[in-house]
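Below is one structure, written out as structure tokens, with a few remarks after it.
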């Protein structure tokens, strides 16, 4: 028996699209609200990049031909837009119950599930967009799949002096010569000297906030200011922003999860090279959690290497429990902002924004932004709802970002 989305008013694309548009951006996805977006004509994204501040018009004698303006310091970056999409499937059991006459409560229950599943699709898509912005902002690089499944690594060209890793003696956590205030002022000075810009934004996790709040040099400054009366603990982010001269400081602990199904048995105390259906986005140094679906138990081991061609994630120590293929899975939780970094940037340089998200067209009807569509399937019968998007973060002012790694 076949199904058609037109048979189900609650699955009409117009209604689903309005449902998606009505859902607000999750308030905990900060970066999506900080960087604007614009439509681009092609999925091949080309943008001009700038390093340094702008110059002066030269003096010339009257009657002499005007000199040609040099574009030194400006370059052209290009990359194909990233594409991301996924779908959910409503099977014949759900669909038959959806169109069967019933009580108001029964119908409301089905509508509620459609709304919940559609919102889940949207939120997952938004988190991928947030992930891309975070990669640009905190590492200056991003890797993604392009045509023919090839993996492409995009380097945003952030200068080395704007991507600083502190020596161990300067580590904010336990460095013998740590000086958080000086490190932040060095970032401000680097930005000012590079392009005359002013650091207006900083983002970090609670791990970094704790180090700042209890740092002796910051405590000393606070004791000499009007904030020495306990406001630091009541409003730590605002107080630190005022104290350090950065007006927009964001505490950001939002996480994302990467999940993959086991494709081969994991033997207790033996298997270290774990075979999974997708190695994408797992990262060396993070914790890989093994989850036993039937027992509802988990354990974690540190990821030591990843082999995308072999489809394996290798852990430093074999798990103590065995896990089944195609039934159990592994996952990794990671914060969008690394817990070892203090990242800051300028809103603008000479009145021009330093970055934005480029929305690229996709599909035969040239769609921009998030879009839902459906497809009737058979064997098994059902209807698939797909959510997709395409685009790329672009960084115009390459030295408008400052990435400070404060711990190992």
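The values are calculated or read from the model by the stated rules, or taken from the named source; none is laboratory data. Note that the coordinates shown come from a computational prediction; the quantities given were computed from them, not determined experimentally. Cβ sites come from the backbone with ideal geometry, for glycine too, and all protein chains shown count toward neighbours.
Details
- The stretch 319-360, residues that are outside any strand (DSSP E or B) and closer than 17 Å to residue 31 by Cα: 336, 337, 338, 339, 346, 347, 354
- The set of residues in the stretch 155-196 being in contact (Cβ under 8 Å) with a residue 12 or more places away in the chain and assigned to a loop (DSSP other than H, G, I, E, B) consists of 156, 157, 158, 159, 166, 171, 172, 173, 178, 179, 196.
- Filtering the stretch 115-127 for residues that are part of a loop (DSSP other than H, G, I, E, B) and in contact (Cβ under 8 Å) with a residue 60 or more places away in the chain leaves an empty set.
- The residues in the stretch 170-181 that are exposed (fewer than 13 other Cβ atoms within 10 Å of the Cβ) and touching a helix residue (DSSP H, G or I) at 6+ places or on another chain (Cβ under 8 Å) can be counted, and the count is 2.
- Residue 281 being on the phi > 0 side of the Ramachandran plot, out of contact with any strand residue (DSSP E or B) (no Cβ under 8 Å at 6 or more places or on another chain) and assigned to a loop (DSSP other than H, G, I, E, B): no
- In the stretch 351-376, of all residues being in contact with a strand residue (DSSP E or B) (Cβ under 9 Å, 6 or more places away or on another chain) and more than 29 Å from residue 114 (Cβ to Cβ), the one that is surrounded by the fewest Cβ atoms within 10 Å (Cβ to Cβ) corresponds to 352.
- Evaluating residue 267 against the criteria (1) assigned by TED's automatic domain parsing to the domain that holds residue 185; (2) modelled with pLDDT of 95 or more leaves one unmet condition, (1).
- Residue 369 vs. criteria at pLDDT below 95 and under 22 Å from the mean Cα position of the chain (by Cα): yes
- Number of the condition not met by residue 142 [criteria: (1) in the same structural domain as residue 29 (by TED's automatic domain parsing); (2) at pLDDT below 95; (3) outside any strand (DSSP E or B)]: (3)
- Within the stretch 40-56, the residues that satisfy the criterion of being farther than 12 Å from residue 156 by Cα and assigned to a strand (DSSP E or B) are 44, 45, 46.
- Enumeration of residues in the stretch 243-264 that are under 19 Å from the mean Cα position of the chain (by Cα) and part of a loop (DSSP other than H, G, I, E, B): 252, 253, 254
- When 11, 31 are checked against the criterion of being buried (at least 17 other Cβ atoms within 10 Å of the Cβ) and at pLDDT 90 or above, a single residue qualifies: 31.
Let's see how each residue does on (1) exposed (fewer than 14 other Cβ atoms within 10 Å of the Cβ); (2) without any contact (Cβ under 8 Å) to a residue 12 or more places away in the chain; (3) within 30 Å of residue 394 (Cα to Cα); (4) in contact with a helix residue (DSSP H, G or I) (Cβ under 9 Å, 6 or more places away or on another chain):
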| residue | (1), (2), (3), (4) |
| --- | --- |
| 271 | no, no, no, no |
| 275 | no, no, no, no |
| 279 | no, no, yes, no |
| 313 | no, no, no, no |
| 319 | no, no, no, no |
| 327 | yes, no, no, no |
| 332 | no, no, yes, no |
| 346 | no, no, yes, yes |
| 378 | yes, no, no, no |
